[in-house]
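The values are calculated or read from the model by the stated rules, or taken from the named source; none is laboratory data. Every value quoted in this text rests on a predicted model; they were computed, and no experiment measured them. In this analysis, Cβ positions are derived from the backbone assuming ideal geometry, glycine residues included, and neighbour counts consider all displayed protein chains. Heads up: the accessible areas ignore ligands, DNA and RNA and are worked out on the full protein's heavy atoms, side chains in. Shrake-Rupley method; radii C 1.70, N 1.55, O 1.52, S 1.80 Å.
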Amino acid sequence: MAETLPPKIDMSQPNVARVYDYLLGGKDNFSSDRELAEQLLRIVPGMRESARDNRAFVCAAVARAAEGGVTQFLDLGAGLPTHPATHEAAREINPDARVAYVDIDPVAVIHAQSLLAKGDGVTAFRADLTDPATVLARLDLAGMLDLSQPTGIIIAGVAHFVAADLMRELTAAYLARVPAGSWLIISVGHVEDESETTTLQPAYTAAETFHHSLADFTSFFTGTDIVPPGIVEARRWIAGVSAPPPQHGVYVLTGAGIKR
Ligand SMILES: C[S@@+](CC[C@H](N)C(=O)[O-])C[C@H]1O[C@@H](n2cnc3c(N)ncnc32)[C@H](O)[C@@H]1O
């Protein structure tokens, strides 16, 4: 399932996947990405910390799902490869775990294919997560995951590009294709002071972004049993509700649910 190279990578234009890579301390970014990331950090100094918290949550939730017997994961909006990657976190628990990485950004997909998809049981392809029919058709074609088996569906750090109504439809559509016992793992940036989102959004991306309320975020898990400690800030999901929250107004709101 190799992607063809995009006709031209415009290095002068920052890109969400590479900005996030820079925030995580990665090297797959250009000066335009670094400039935007630094601009964002001036607006929200805790953003780098939030990116790390987000990654830590994804790995912790994947590990818990794997401990619970989930052997395969569909990582939607997977981003540029980072460490630990989803398959690395899953394979700490189950060395045979399989992962399909999906991203809309061709650069992220090509990196994922060259850096990650060498090993058995890992694939990466380009698709829009808001088009579940296409994602699931391509997944069938790749033949890597068996959706009749419990599957971990990950939508991490990307739900802010999707309106709440559509997110509810999407999680329902993905969950409809997998059996009981499957996990849904979601995280999203959450700004304590909502007025900051109006400053942050145009700086971050030209695309429309959505700030999801706690109630909306919780509704994305309809049809699942939310696992303890519930819908909480990332550090509290990992370490328990007594963990101190970050000392800034930007949080990563997280949750995981098991399909009934
Ligand atoms: C902030 S990164 C998150 C990466 C990773 N999921 C994580 O949490 O560590 C967001 C990623 O979502 C991708 N993305 C944005 N909209 C998307 C869409 N509609 N379908 C698939 N991927 C999308 C971006 O290209 C980017 O790589």
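What the table shows:
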item	result
Excluding exposed DSSP-loop GluC sites (Glu not before Pro) (at most 12 other C-beta within 10 Å), longest clean stretch of the chain	1-191
Residue among Val62, Met11, Gly25 farthest towards the positive dipole end of region 1-83, charges placed on Cβ	Gly25
Within region 135-184, chymotrypsin sites (Phe, Trp or Tyr not before Pro) in DSSP loop having at most 10 other beta-carbon neighbours inside 10 Å	none
By accessible area with a 1.4 Å probe, ligands and nucleic acids excluded, highest first: order of Lys259, Lys27	Lys27, Lys259
Net dipole in debye of region 13-145 [+1 Lys, Arg Cβ; -1 Asp, Glu Cβ; about Cα centre; nearest 20]	180 debye
Arg168 accessible area, assembled protein chains, probe 1.4 Å, Å²	70 Å²
Relative contact order, percent, the chain [alpha-carbon distance under 8 Å, six or more residues apart]	20 percent
Accessible area, probe 1.4 Å, largest first, for residues Asp96, Asp103	Asp96, Asp103
Charge dipole of region 129-199 about the Cα centre (unit charges at C-beta), most positive-ward option of Val158, Gly189, Pro179	Pro179
Where Met11, Met144, Met167 fall by accessible area, highest first, once all protein chains stay in place (1.4 Å)	Met11, Met144, Met167
Accessible area of Ser12 in the full protein assembly, 1.4 Å probe (Å², nearest 10)	80 Å²
Added length on full extension, which subtracts the Cα-Cα distance from 0.36 nm per residue, Glu38 to Arg52	3.5 nm
